[in-house]
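The values are calculated or read from the model by the stated rules, or taken from the named source; none is laboratory data. Model, not experiment: these values are computed from the prediction. Here the Cβ is made from the backbone with ideal geometry for all residues, glycine too, and neighbour counts use every protein chain on show. Keep in mind that these areas ignore ligands, DNA and RNA; they rest on the heavy atoms of the full protein, side chains included. Shrake-Rupley method; radii C 1.70, N 1.55, O 1.52, S 1.80 Å.
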Amino acid sequence: MRMPNDFLSFFLSWMSSPRRVGAVAPSGAALADLITREISASTGPILELGPGTGAFTYKLLKRGVRPQDLTLIEYGSDFVKLLQLRFPGARVLWMDAGRLTTERLYDGAPVGAVVSGLPLLNMSRRKVISILSGAFSYVRPGGAFYQFTYGMSCPVPRPVLDRLGLRAKLVDRALLNVPPAAVYRLTRRPQMKLITGSLAPEPSARAALEPMHQARDYSAAR
């Protein structure tokens, strides 16, 4: 559900800092459905980066995620106040997602999914690496990082994926969103070990690979 003043709030934030906000309007229902499609109540703790006015957050709650399992990281002070009012049961933190490597948000790595509304294409490579490495430090084996983009390809370049040991797959495209958007699913690559002269994935790493039959792998070549 989107409040009537969401467009105005987003537009004013974009006017004051277009590179940080990255969009002139909140994400639509089609994109919210897509980016949360693989998440359910059993996914466990969810870390949401750049929730803005809470379009994805509303959908996560409708998917059965408990408010107390939501941690929302928002840099815009106006959005923080709005999120605290709309989602009183969630943990809302006013901070830069680039500081995830220096802040300990969880005891261990319990997070089942990260949902990101951050404009990665507007950020430096160093900042993207900091965000991804920090987020994955909280993600348990088999967990995933979901990122949307208005671009035609994965917003995380292959050198960054290689450096962090990640793979990216296209989940699908939300053509009804305005503008049309795509969602990518980032997961850890399997660790390899030598077995009788050949490489095979570690048993513990197999859990990190959830098959996506219709997905497209962007970690190899784009």
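Computed 3J(HN,Hα) for the range 56-61, one whole-Hz value per residue from the Karplus formula 6.51 cos²θ - 1.76 cosθ + 1.60 where θ = phi - 60°, is 6, 4, 4, 5, 4, 5, glycine and proline marked x. The slack in the chain from Q84 to R37, taken as 0.36 nm per residue of separation less the alpha-carbon distance, amounts to 14.5 nm. Take every pair of alpha-carbon atoms less than 8 Å apart whose residues are at least six positions apart; their mean separation over the length of the range 29-188 yields a relative contact order of 23 percent. Given their separation in residues at 0.36 nm each and the Cα-Cα distance between them, R189 and S137 gain 17.3 nm when the chain is fully extended. Per residue, the range 29-188 exposes 41 Å² of accessible surface when a 1.4 Å probe is rolled over the protein heavy atoms with every protein chain present. On the accessible surface of the range 29-188, probed at 1.4 Å, how many percent belong to carbon and sulfur atoms? Carbon and sulfur together cover 55 percent of it. Summarising the amide proton neighbourhood of V115: residues at separation of 5 or more, or on other chains, whose placed amide H is nearer than 5 Å comprise L47, E48, L49, Y146. Computing FRET efficiency as 1/(1 + (r/R0)^6) for L175 and R91, where r is the C-beta to C-beta distance and R0 is 35 Å, gives about 0.55.
When Rg and Dmax are taken over the Cα atoms of the range 38-87, they come to 10.4, 31 Å. What does the charge count around T57 come to, taking other residues whose C-beta lies under 11 Å from its C-beta (Lys +1, Arg +1, Asp -1, Glu -1)? In short, +2. Net charge near L70: determine it from the other residues with C-beta under 13 Å of the C-beta of L70, scoring Lys and Arg +1 and Asp and Glu -1. With Lys, Arg at +1 and Asp, Glu at -1, the neighbours total +3. Here, the range 29-188 has an Rg and a Dmax of 14.4, 40 Å when only alpha carbons are counted.
Give the calculated FRET efficiency between R99 and R163 to the nearest 0.05, with a Förster radius of 25 Å applied to their Cβ-Cβ distance. The computed FRET efficiency comes out at 0.80. Neighbours of W94, meaning other residues whose beta-carbon lies under 10 angstrom from its beta-carbon, give a summed charge of -1 when Lys and Arg score +1 and Asp and Glu score -1.
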